[in-house]
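First comes the structure, then the notes that go with it.
The values are calculated or read from the model by the stated rules, or taken from the named source; none is laboratory data. Everything quoted here is computed from the prediction, not taken from an experiment. Cβ placement follows ideal geometry from the backbone for every residue including glycine, while neighbour counts extend to all protein chains displayed.
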Amino acid sequence: MEAKRIKICEMKDVVGQRAEVAGWLYHARAGGKVQFLMVRDGTGLAQAIFEKTESNEELFKDVKHLGQESSLIIRGEVREDERSVGGYEMAVDDVEIVHKTEGYPITPKSHGSDFLLRHRHLHLRSQRQWAIARIRHTVIDAIRTYFNSNGFTLVDTPIFSPAAGEGEQNLFQVDYFGEEIGLAQTGQLYLESAALSLGKVYCFGPTFRAEKSKTRRHLTEFWMVEPEMAYIDFEELLHVAETFVTSIAQAVLHDRKVELEILQRDVAALEKIQGPFERLSYSDAVDLLHSDKVKDYLGNQLESKTQESHDLENQIKQWEEEKETAKKQWQKDKLDNQIAEAREQLGELREQIENIPKHLELAQNFQWGKDLGGSDETIIASMFDKPVFVHRYPKEVKAFYMKPDPDDPRVVLNVDCLAPEGYGEIIGGSMREENYDALLGRVNDHNYNVEDYQWYLDLRKYGSVPHGGFGLGVERTVAWMCGIKHVRETIAYPRMMGKIYP
Ligand code: 4AD
Ligand code: MG
C-alpha cells in the first residue's frame, strides 16, 4: 500500500491515513510483542508503535537491536493519541533501516557540560538543543522582519578591521599580509557612514571579542545586529529599541510554543515584555544599588536560596535511599540521573548563596563614576519584571564616540537595555558625537591613532547630522527567550576561551 512521505509536524493532517516518516531513532522501549520507538525527523518527535506479527518476526528482531540515532524510515497509519508526544502516533507496519548505529555516545543518562561541548556535533540532535536552535531561528527571523518592514536597509560591514571599534583590550589581532589588524568588534563605525547615505540601516553579522573571562554571558564569537539612524534623537532611539525587543518576544511566543514547553520556559515572564520599558538614569541606578530595597531583596534571596538548598539536600538523600532498595536497573538509572542533576543544581545554588553577600557589598559600596558590573546589572534588572533602560552613564567608562548629554556633560546619551530574570545587558547603544572637534578630542583622549580614524572623522566634516544606534547580542537574547542559563547553548558551535573543538 502506498505511503505518502510526510514530516512529523504534518501528522495532524493525515490522521487515519498510511504515511511514512524518514528520521532517526531517538529512544526505544521494547517488550516481547511490541516496541515503542521515539522517532525524530527535524520537525518534531513522534511515538511509533511496532507490533510483532507472524509475518514480521525477522524485522521485529532487527529493529529491536537498533541503537539510538540509527536512521530509519517508518511506515504505518497515523493515529490521534492525546497521551503521545505531539498528540499523534504511528501504528508502524514497516520499517526500512537506513543506517544502523552502535554505541552513540550521548545516552539518556546525564553527562557533564564539558563532555557535551566536546560532542557538540552530536549533541545538536537532542530535544533541548533542537528547541533552542528553532528559537534562535525565530529570534533572527524576527530581527530581520522588524528592520526590513520599518524602512531599514541592510548593509554588510567588514570583519577585517584596521582599527578597534570598541576598545583595544579585547581586540582579536590577525596578520593581514604582514600588517597587524583586528577582527570586527562592531560594525557600527562603518554603519554610521552608511546611515549618512541611506538614512536607516542595519548590519548583522559575527562579532569577535577576545574575552578572557569565562562567564555565562560571554562568547569570543557572537552575532550582533546593529541599527543606525540619521536624524533621530535619544527618545526616538529608545522607542526603536523598545518596539524591536518587544517584537522579538512576540514572535517567539507566537511561533515557538512547543519549543518553549520543551525548555519548560515560564511563558508568563515573556508575556510581560511590552513597552514602555522601565527607564532609569545611571545616577538613579546607583541610588537604587545603595537603597534598602536592594538590601532587603538580597536578604530575602539569601534566605529563600538557603532554604531551597536544604530541601534539595534532603531530596537527594531520599533518592539515594530509594536507589538502595530499587529492584529494577531502569529505576536505579532514573534515580542516578535525578541525583546527578540535583547535585549540579545544588552546586549552583551554593555558589549563588556564597556570592550574595559579596554582591551586596559591591552594590552598597558602588561609587558614582564606575562602570556597572555584571552583578550590579543583575540586581538592577531583578528589581523589575520587564526590561530596563539604564541611560546616561559617566563619559569616562563609555566608548569614545558617544555624545555627551548637553544638560550634563559628565554623562553621555547612551543606553543599556537590561533583561529581567538575571539576564542583564542585551543591548548597548548611544547617540554619536557628531561634532568634528569634539570627536577628534575624544580620539586623542583615548590615545588612538588619529590617522586610523580619519575616515570616521570625515563623516563629521561632510553633512554631519544627529544620529545614533545600538547593538543587540543574539546569543544573550536567545538565552533569555529560552530561559537557559548559559549562552554556550544558544549557538551551534560556541567559541569561548579554551573552547575551540569541534
Ligand atoms: O554594548 P556593546 O559592546 O555595544 C557595541 O558594540 C556598540 N558598537 C553597538 C552599537 O551601538 N551599534 O555590545 C552590544 C551587545 C551587548 O549588549 C551584548 O548583548 C552583546 O552585544 N555582546 C556580547 N554577547 C556575547 N558575548 C560577548 N562577549 C558580548 N559582548 C557584547
Ligand atoms: Mg555594552
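A few notes on this one:
- Taking the range 241-296 and the helices (runs of 4 or more DSSP H) fully enclosed by it, the elements with 1 or more residues that are under 28 Å from residue 126 (Cα atoms) are at 257-262, 267-271.
- Breaking point among (1) modelled with pLDDT of 95 or more; (2) in contact with a Ser or Thr (Cβ under 7 Å, 6 or more places away or on another chain), for residue 282: (2)
- Qualifying residue in the range 431-443 (condition: out of contact with any Pro (no Cβ under 8 Å at 6 or more places or on another chain) and within 16 Å of ligand 2 (Cβ to nearest atom)): yes
- Every residue from the range 202-244 that is within 11 Å of ligand 1 (Cβ to nearest atom) and among the β-branched types (Val, Ile, Thr): 207, 215, 220, 225
- Matching residues, the range 191-240, being over 30 Å from residue 495 (Cβ atoms), within 16 Å of ligand 2 (Cβ to nearest atom) and surrounded by fewer than 17 Cβ atoms within 10 Å (Cβ to Cβ): none
- Some residue of the range 475-489 being of a type in the set (Phe, Trp, Tyr), more than 16 Å from ligand 2 (Cβ to nearest atom), at negative phi and part of a helix (DSSP H, G or I): no
- Selection status of residue 418, of a type outside the set (S, T, N, Q), part of a strand (DSSP E or B), within 16 Å of ligand 1 (Cβ to nearest atom) and surrounded by 13 or more Cβ atoms within 10 Å (Cβ to Cβ): yes
- The range 396-443, residues that are in contact (Cβ under 8 Å) with a residue 60 or more places away in the chain, among the hydrophobic types (A, V, I, L, M, F, W, C) and more than 21 Å from residue 187 (Cα to Cα): 411, 419
- Selection status of residue 465, in contact with a strand residue (DSSP E or B) (Cβ under 6 Å, 6 or more places away or on another chain), away from ligand 2 (no atom under 16 Å from the Cβ) and at pLDDT 95 or above: yes
- Under the condition of being over 38 Å from the mean Cα position of the chain (by Cα) and in a strand (DSSP E or B), the residues counted in the range 51-75 number 1.
- Selection count, the range 388-414, where residues are within 10 Å of ligand 2 (Cβ to nearest atom) and either part of a strand (DSSP E or B) or assigned by TED's automatic domain parsing to the domain that holds residue 188 (or both): 1
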